[in-house]
Every structure is written in C-alpha cells, then in structure tokens.
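Report on one structure; see the data block that follows.
The values are calculated or read from the model by the stated rules, or taken from the named source; none is laboratory data. Computed from a predicted model, the values in this text were never measured in an experiment. Cβ sites come from the backbone with ideal geometry, for glycine too, and all protein chains shown count toward neighbours.
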C-alpha cells in the first residue's frame, strides 16, 4: 500500500507543512523505531522529544502545534491528532487485510444451516444442523459450528474456532483462532468408591454483542441455563471461563485469567493477567485487579483495586509486601529486643 | 423437547402431587433463575427456602417431604430425589445432544486404519497409518489422529483434537475441543555456545479408561516410555502436563494447572486451578491443593491440604497470611517496643 | 524397529563386551523402568548404582569403564557415552517417526502460493495468497497459513497450527499442534461511555531460525512493526506472548508463562512456568526466574535469579519466605516482649 502525504492530508482534512509528495507505506508509534516511509502522530505533549528523533517522514499533529526545534518530517495539522491517526489506522488496516467473502471449497454445511449476505466461509469449516448466521459474517477455515448455533451480524471467527451445539454469539464479535465456546463445564459427582460420575451439562453459552475473545480462550457451557459474556466484554488469550459464569458489560480481562464455575463478575472491571477467581463468588462493578491475584471471596465494594493471592486492597498489599521483603531485618530487630529485654530484666532483677 | 409431568413421573417411578398435565421443557437448579416450563429438585434440606421462590413448575422431592408453606409447583415424590433428578438429567442430555454416527465427507483415512461399529467420523478429520479405533467412538470434525494411535470403545473426541503418533487412549474417555495429546516434551540439551539442541522425545502418552480432558489442555509425550493419565482422572481446560508425568486414578485437576516433567501425582488428589508443580517430584495419594499454589518439593504424607506459593499446610498458610495482612501494624508495634526499650534503658541507666 | 547390539556398536563405533546378538527394540533411561529389549547408557558416575538394577539388555558406557559388580547386560564401550547415546536417539527418532512428504488431498492452496522441494502438506491444510514456503517444510493436517506468510526451510508445523496474515517464520523451527501466530494484540481504546474501541493491529510476528514453540501457545502480532522471537528461543506449551514483545536469542520459557505487551526479554534467559511479566518492561540477558514469579518492573542486572510475586532476588525471597512460614511464632514472640515490656515498665515505675 502506498499513499502520498497529500492523499493522507485530504483523508484527514488536514493542512500540510512540508513536502506533500512524500510516499507513505506504513504507520508507526512515535516512540518506537519507525522505518523510512512511515507516518506517525503526536498527541500527548510528553512524547514531543521523540518528534525530533523519529525516522517517520510525516507526522500528524494538533492544529496550532509549533515545533521547538527543526524537524525533518512533513507535518499534517489536524483538529485532533489522536482521532485523525486512529481514522488513518482503521483505513490502513482495512486495506492491509480486507474482509473476505464467498464460500471456499470444500466446506461442510448441513441442509438446515442458513446465512446472510456477504458471508465468508473458509475451506474445511463446518456448519451443523439448524445453524443460523447473520449478515457480513466471516468464518475462517477449519471452524466447527455445532448444531443449533446462532451467530449475529458482522461477527468474525478466525481459523479453528469451535462452537459447541446450542450456543449463541452476538453481532460485531471477534473470536480469535482456536477459541472454544461451549465445552462441558467441569462437573463430576463423587461416588462412594472414589470415582466420579460425569454430570451432564445441558446449558449453553450466550455471547452478547461487541465481545472480543482472544486466541485459544475457552468458555464452558452452563450446567443449566446459560454462561453469559455481556455486551462489550473483552477477553484476551488463553483465558478459562468455567460453567455458569457471568462476565459484565465492558469488563476487560488480560491473558490466562481463570474464572471458576458460577462466579459473576460485574461490569467495567479490569482484570490483570493470570488472575484466578474461586467459584460461586460475586465481583462488584468497576473492580480492578492486578495480575496474578487470587480472588477467593466476593467483592462487594465497587471500584476497589486489589492485589495478592489471596488478594486484598492493592495499597495495603504493597505495604505488607514491602515489609515482607525486609522480613529478615525485622526478625533481627525482634531478636535484638529479646536480648535487650532479657539483659534489662537481669539488670532490673 | 417436551415432557408432561405425568411422563416424567413414570420414568422416575414417582408419585404426583398437583397438576400432572404441565409441560416441561427444561431442567434447572432450585437456587437459580428457572424459566417457566422447568423442572427442578430438592434433596438437601438447606435449599428448602428456594422451593417457595422458584419459577420451576415441577419439583422432584424425597418421599415423605412435607412443604411448610403453599407451593405453586407440582411435586413428584421419589425414593431419592438427587438420584432421580440425575437420571432425568442423563435422559434429557441424551435427547438434547444425541450421539452421532456415520462418516461424513470429506475425511482422510489411511488404508491401514480400522474402526468398530457405530463410528462417527466428522468431516475434515484425519486417521493416520495403523490407527485402531474401538466401538461407539465419536470423532468430531477437524481431529488429527496420528500414525499408530489406539482409541478404546465409547470414547468421544470433540472438534479439533490432535493426537500425535503412537499414543493410546482408553475406553469411555472424553477429550474436549482443541486438546493436544503427545506433543514433544520440553527437552533441550544446552550447548557450549549457549544454544540448545532438541532432545528427541521417543515415548508416548497413555490415557487409561474413564478419563476426561478439558478443552485446549496439552499432554506432552514422554522422552522415553510413557506419560500416563490413570483410570478415572479428570482434567479441566488449558492444563499443561509435561513429559513423563503420571497422574493417579481419580485425581481431579482444575483449569490451568501446570505439571512439570517427570512429576508423579498420586490417586484421589484434588488440585485447584492454576496450581504449578515443579519437575521430578512425587505427590502422595489424596492430597488436596488450593488454587494458585506452587508445589516445589515432594509431598509424602497422604491426604494433606496445602496452599501457597511455595505451598505448605493450608491452615498454617492461612495463619501466616492473616499476619501478613496485618504486617504494617505488627511492624509499628515492634517500633514502639524499640522506642520503649530505648527509653526504659535510659531510665535504668 | 529392531537392531542387534552388533549393528548398534557399528553405528557408534564401539566395542562390545558380552552377547552381540541381543535384539534391541527400545531406548530407556538408566534410572527408570526399562523393558526387556532396551538399550540405555551410563555417562554420569552418580547413576552407576542403577547399572546393576536396570532391565536394559545393553548399555553404552565410556571406554575404560570397569563395573564394580557383575552385570547381566552387554556393554558397548565408546569414547563419549552421552554423545553416542544421543546419536542413537536421533537415529531411532527418525525411524520411529520419519519426515513426511507429499501433498495429501484435499488441501486448499491459493494460486499464488509457492513452496520448495520435499514439501509435506497434510490434508485439510490451507495456504492463503502469496504464501512462500521453503524446502523440506512439513505442514501437518488442518493448518491455516494466512495471506503473505513466509516460512523458511526445514521447518515443521504440527496439526492445527494457525498463522495469521503477513507473519514470518524462519528455518529449522518447530511449531506444535494448536499454536497460534499473529492473532490481534489486546488493544482497546476506552471511550467516554465506558465501552472500548478496537485498535487495529497492523504489525506482524517474526519468528527467527531454530525457534521451538509448544502446543497451544499464542503469539500476538504487533500493533505496529513486529513482535519478534529471536534465534534459538524455546517456548513451551500454553504460553501467552502479547503484542510488540521481543524474546531474545536462546531464551527458554516453560509452560504457561505470560508476557504482556511491549515487554523485551533479553537473550539466554530461563523463565520458569506460569511466570507473568507486566507490559512495557525490559529484562536483561541471562536472567533466571523461578516458576510462578511476577515481574512487574524492568530487571537491569544481567544474570540475576528471581522468585516471588512480585519477584525479587531468589535467595532473599527464600529468607523472607522461611520467616513467613514461622510468622505465627514470630508474632507470639513480639506479644511476649510486649507483655514483658509492660510488666517491666510497671516494675520500674
């Protein structure tokens, strides 16, 4: 892909300061190595120093911006540099990797499966009985869509996604490669002889609209009823969501988090990577949890920030942790006091 | 699916109290939102209060049960409510998602592969050379069964399972979507120049009967000999089992556990989610480990309960942890004693 | 496979002491159960006691080795037993699981895809537009190779690997089943209404030569530029590598490690299983980190050994941890001092 600075300025409705004929092949962050032929942007003034170092040949800046030193790059002045660059990025991404359409061969589609316009079904993908798929859906190769699954409009499933029977996926969702939706919850009834009997998992998974799910993440189906990922939830890679779990609107979860069965997490939470949640607990809205924390009981107060395994208030954890690091020194001080006390006792005897 | 209360009472050999014509479409837990048209059960008396709140229209209860308040739902009285409901659940599950049979097209089957009656081989699945498969086996779409693999009767592999060459899977096993069996163990010989040489992994994996393995879990093959999951072991999703590991009979492991190479875990253990095991250690039978624990040395005493990273006795961990939370207060008390000691010394000088 | 001891001695240029007609079917470690028909080796003298216990029927030993007791097994004397056995192991592995070649049917290959000699493309695999593949490459069944992907010579992708568009994989690499390369980085811009907008991820992943990646591991693509796994890096199963991450030469990472976005890890590091790294930090060369550690800030000193979550020096962590285990006893000592101090004060009043 190739744009001139002039073309870009037209797209962004910006004003050019410098050479408008420069050819742009790539986008780059201002604080990272930019190849020649890159365009970057400056929005946050604290990054201004990078402006004078970058190899980017064009830079989108806010109107009224005045460089303090000489700049090699051409400037494009716009109302809001962040928004303008973001628009450019969307445009670039669409051209770099345009949406796919059409049904490749071979695929397996049951007679009862139906789908909307602009459907992409990659080779070696499978649509079971009564599958219903909306408009503008992309299903990459080697996906398995089980019987009775429903998928909303404008949703993309990358290669090798597996959706078990009866699950429901909303509109504008993105499921990355290797995601598994609707596998059996981990339910076994202990028997008197020490063995376990499988408990059938007859519920399903409901994924609402605008949900993103990272590669190789697994969402188990409910024992009864539905496990639910609510609108706008964003899950990273390799996450485990147990049976009957509920994840609230716009809750964001980093990679390798594990949520045990029947736990309900509120909306607008931010969960750090590798955090684990015990089962059957409830997390209030807006809770923030640092990575590797262990949440073993319900959190009732909204907006708390937690850390530790088991986790408690982030600030209090850090105070305790600082002392933990100094524990040998603290133990020595205790010992010295004991000696002093012993000798002082002797002294006062 | 639709049953009348009358039909269900016949299946369960129960006695009806109330309207026998009610139509049942679903099963539900008594303490969760039941949709109209649901049947539930009451076995444990501590859940009785839910009986008066549930929207379930029929409830299976023990013979002799007398409600304390008026109930809208029809009751079905049986000898053992838990067992009866469990039977109903099995029946419902089988109808909801009946076993599949037949070989879909296209599949890839080597000339030397053999299989028993009632085989389901989903589209885009692959059977390598000399693969031997028993009766009533279901292999969902997009599975890869490597050369010389053996699979016992009544075993189900969901979509996208990959079994490497020479591995053995028993009877009555369930492997969920994306499971990998028999990938190379993580073995590299350090070279003088800082690089690593791959050590060939020539062993295999043996999975005994009645083993369940959760979605995207990985079991590495042994360097020599076999990595073994013994009869009745139950593994959740996204678990890592290193090379040469042995997991004992009826040991249950929650999601995201990691077991390093050559570690042997006893039978009837219960391992909490995200727990990690060092390599080359041995865990006694019946050990219970809380989630996120780190086990860095062998556990010789049977039936211990452990917690922490590194882990020690659960109760002792909790005692230490309670003090860790109060560490700032404890440090302050120490400081005050130091001041007092200093001034008292001055006093006694 | 079957060799006589005589044949093996010829391959290893070794001298036989004992019965040269014994038939060998398998290789085994000397300290583990060896089946009859196995060959083993003794290199490290501390394992000599196993020599008198093993069921192995032939043993490779160093020239000049003199057994202290009578041995049933035939000995093969060689210059360096470890190297010789390693050569035998490579030979055995190649025969056990020979490289595959040929294009199975059906596959999906775009018209613009090209490949070199001795190509294996397993059934149900997919090559997108402009894919370029070197010589002696093996791509097992059900792999998805996105548009514009480049793969070097002598690289193997096991079943179900998914490589997104524009990623680059070097020579002599091994990617195990279910690996995902190039999924979108986890980047979302928070909006005023609490929702998140997806930030397009227009970079790629570059995997250099001699890199191994374990089953179901995920490597996200960069937002801009490239996420890089440098030459000789070895990653175990179920690892998460975030966007814009860089992993140095010959760095080894055990299973279930998670590396957050934009973090750079040096060369020759050793990272224990389930360790987590915060984003935007830098780890010096040669750093060693124990399992389950949490690295929340940059490590500037080369060769450090760390432990804990958050992690600090391994030895210091262990000193603090030993005191943590004794915390109840330490708290009691503090309490006794307080009592003593109180009564001594009273005494001195």
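Give me the residue from region B:288-305 that is outside any loop (DSSP other than H, G, I, E, B) and surrounded by fewer than 24 Cβ atoms within 10 Å (Cβ to Cβ) and, out of that set, nearest to the chain's Cα centre (by Cα).
Of the residues in region B:288-305, the ones outside any loop (DSSP other than H, G, I, E, B) are B:288-289, B:294-295, B:299, B:305.
Applying the additional criterion that residues be surrounded by fewer than 24 Cβ atoms within 10 Å (Cβ to Cβ) yields B:288, B:299, B:305.
Details: B:288: 14, B:299: 22, B:305: 19 Å.
If we take residues in region B:288-305 being outside any loop (DSSP other than H, G, I, E, B) and surrounded by fewer than 24 Cβ atoms within 10 Å (Cβ to Cβ), then B:288 is nearest to the chain's Cα centre (by Cα).
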task = Take the residues in region C:296-316 that are at the interface with chain A (Cβ under 10 Å from one of its Cβ atoms) and touching a residue at least 12 places away in the same chain (Cβ under 8 Å), then tell me which one is nearest to residue B:278 (Cα to Cα).
result = C:308
note = Taking region C:85-115 and keeping only residues that are more than 14 Å from every other protein chain (Cβ to nearest Cβ) and crowded, with 16+ Cβ neighbours inside 10 Å, one is left with C:115
inquiry  = The conditions are (1) farther than 27 Å from residue C:234 by Cα; (2) within 7 Å of another protein chain (Cβ to nearest Cβ); (3) crowded, with 23+ Cβ neighbours inside 10 Å, and residue B:144 fails exactly one of them. Which is it?
reply    = (1)
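Residue by residue through region A:250-264, note down the ones that are part of a loop (DSSP other than H, G, I, E, B) and free of Cβ contacts under 8 Å to residues at least 24 places away in the same chain.
A:250, A:251, A:256, A:257, A:260, A:262, A:263
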query = Does residue B:324 qualify as being facing chain A (nearest Cβ under 9 Å), touching a strand residue (DSSP E or B) at 6+ places or on another chain (Cβ under 9 Å), more than 23 Å from residue A:186 (Cα to Cα) and surrounded by 15 or more Cβ atoms within 10 Å (Cβ to Cβ)?
reply = yes
Single residue of region A:227-249 satisfying the filter (facing chain B (nearest Cβ under 10 Å) and either in a strand (DSSP E or B) or in contact with a helix residue (DSSP H, G or I) (Cβ under 6 Å, 6 or more places away or on another chain) (or both)) that is surrounded by the most Cβ atoms within 10 Å (Cβ to Cβ) = A:241
Conditions (1) closer than 28 Å to residue B:240 by Cβ; (2) in contact with a helix residue (DSSP H, G or I) (Cβ under 7 Å, 6 or more places away or on another chain): number failed by residue C:338 = (1)
ask   = Hey, among the residues in region A:192-225 that are out of contact with any strand residue (DSSP E or B) (no Cβ under 7 Å at 6 or more places or on another chain) and more than 10 Å from chain B (Cβ to nearest Cβ), which one's farthest from residue A:160 (Cα to Cα)?
value = A:192
inquiry  = Among the residues of region A:265-287, what is the count of those that are part of a loop (DSSP other than H, G, I, E, B), at negative phi and over 18 Å from the mean Cα position of the chain (by Cα)?
reply    = 4
message = Considering only residues that are touching a strand residue (DSSP E or B) at 6+ places or on another chain (Cβ under 8 Å) and more than 21 Å from residue C:238 (Cβ to Cβ), which ones fall in region A:226-242?
response = A:226, A:227, A:228, A:229, A:230, A:232, A:233
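Residue-by-condition table, conditions (1) without any contact (Cβ under 8 Å) to a residue 40 or more places away in the chain; (2) assigned to a strand (DSSP E or B); (3) closer than 19 Å to residue B:206 by Cβ:
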| position | (1), (2), (3) |
| --- | --- |
| B:98 | yes, no, no |
| B:105 | yes, no, no |
| B:112 | yes, no, no |
| B:116 | yes, no, no |
| B:124 | yes, no, no |
| B:129 | yes, no, no |
| B:135 | yes, no, no |
| B:154 | yes, no, yes |
| B:185 | no, no, yes |
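Please indicate, with yes or no, whether at least one residue in region B:306-323 is part of a loop (DSSP other than H, G, I, E, B), over 29 Å from residue B:223 (Cβ atoms) and over 22 Å from the mean Cα position of the chain (by Cα).
No: zero hits.
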task = Of the conditions (1) within 29 Å of the chain's Cα centre (by Cα); (2) modelled with pLDDT of 90 or more; (3) not assigned by TED's automatic domain parsing to the domain that holds residue A:140, residue A:45 clears all except one; give me its number.
result = (2)
query = Any idea which residue in region A:156-183 is surrounded by the most Cβ atoms within 10 Å (Cβ to Cβ), counting only those that are part of a loop (DSSP other than H, G, I, E, B) and away from chain C (no Cβ under 12 Å)?
reply = A:164
inquiry  = Only one of B:336, B:274 is within 13 Å of chain C (Cβ to nearest Cβ) and surrounded by 23 or more Cβ atoms within 10 Å (Cβ to Cβ). Can you tell me which?
reply    = B:274
